[in-house]
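One structure is given below, encoded as structure tokens.
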Amino acid sequence: NLTEPNINIIIGDGRYELNNLEGTYDVITIDAYKVPYIPWHLTTSEFFGEVRAHLTDNGVVAINVGRVPNDRRLVEAMTATMLTIYPTVHAIDIPGSLNTILVATVKATSSENLAQNATAASGLDPLMERVLSTAVASIVPATPGEIVFTDERAPVETIIDSPVLRYLIEQGPAGLPGLGG
């Protein structure tokens with residue numbers, strides 16, 4: 001129920017609310033869209049710089065990015081954008097979905113770090129153990145594309161529209177979780 005004392009839930013426009021926060025956080029997660037669109041102002045290098053300003057020296061930011069099979073352009077653009085601020089970005093394809101979680105770290109890390117930490121963790125809640133196990137098994141290469149989103153240019157909808165329309169034509173609405181029956 002997200003009632004733990006160390007969880008701070010803030011409801012409002014993500015970028016505005018973020019910039020009104022004081023202090024730093026170990027983890028900031030972003031899941032601010034309705035399949036498949038994400039607000040462009042939450043995709044830019046400037047935005048991820050603002051997120052960085054609110055992370056601790058060991059902090060991470062995670063964002064859920066939609067995709068369709070055989071078209072990772074949005075994931076690649078988001079990876080390239082995040083790499084303008086963070087030294088490392090990891091990609092985790094969520095099994096049974098059209099989602100990739102991108103995790104950027106303030107300090108340089110490797111995929112092996114996650115596997116080592118998951119192995120070393122003991123006494124975790126069983127749900128957390130399953131999440132870590134799934135994440136380790138679902139890591140894919142985080143390949144940056146050529147497009148970097150900025151506040152001046154963030155063609156998110158352009159990148160999303162053509163593959164989504166093609167996928168919907170091929171699969172029908174049932175092919176996109178949340179839209180079909």
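With each label modelled as a point 7 angstrom along the Cα→C-beta vector, the Ser133-Asn20 pair spans 4.2 nm.
Charge dipole of the range 17-170 (Cα centre as origin; +1 on each Lys and Arg Cβ, -1 on each Asp and Glu Cβ, all else neutral): 340 debye, rounded to the nearest 20.
Around Val148, with a cut-off of 15 angstrom between Cβ atoms, what is the net charge of the other residues, counting Lys and Arg +1 and Asp and Glu -1? It works out to a net charge of -3. Nonpolar atom fraction for the chain, defined as the carbon and sulfur part of the 1.4 Å probe accessible area, stands at 55 percent. The residue among Tyr86, Leu127, Leu2 whose Cα reaches farthest toward the positive pole of the charge dipole of the chain, with charges on the beta-carbon of Lys, Arg, Asp and Glu, is Leu127. Springs between Cα atoms under 10 Å define the GNM used for the chain, and in it the highest mean-square fluctuation of Gly14, Gly123, Gly49 occurs at Gly123.
Averaged per residue, what accessible surface does the range 44-181 expose to a 1.4 Å probe, in Å²? Walk me through the numbers before you get to the answer.
Values: 7130 Å² over 138 residues.
Roughly 52 Å² per residue, with all protein chains present.
Each 5 Å bin from 0 upward holds the following percent of the Cα-Cα pairs of the range 73-118: 5, 20, 27, 25, 16, 7, 0. Normalising the average separation of contacting C-alpha pairs (under 8 angstrom, six or more residues apart) by the number of residues puts the relative contact order of the chain at 24 percent.
How compact is the chain by the rule of thumb for globular proteins, expressed as Cα Rg over 2.2 N^0.38 Å?
On the way: Rg = 16.6 Å, N = 181, 2.2 N^0.38 = 15.9 Å.
This ratio for the chain stands at 1.05.
The values are calculated or read from the model by the stated rules, or taken from the named source; none is laboratory data. Just so it is clear, the structure is predicted and the values come from calculations on it, not from any experiment. As a convention, Cβ positions derive from the backbone with ideal geometry for all residues, glycine included, and neighbour counts pool all protein chains shown. Remember, those area values only see protein heavy atoms, side chains included, never the ligands or the DNA or RNA. Shrake-Rupley method; radii C 1.70, N 1.55, O 1.52, S 1.80 Å.
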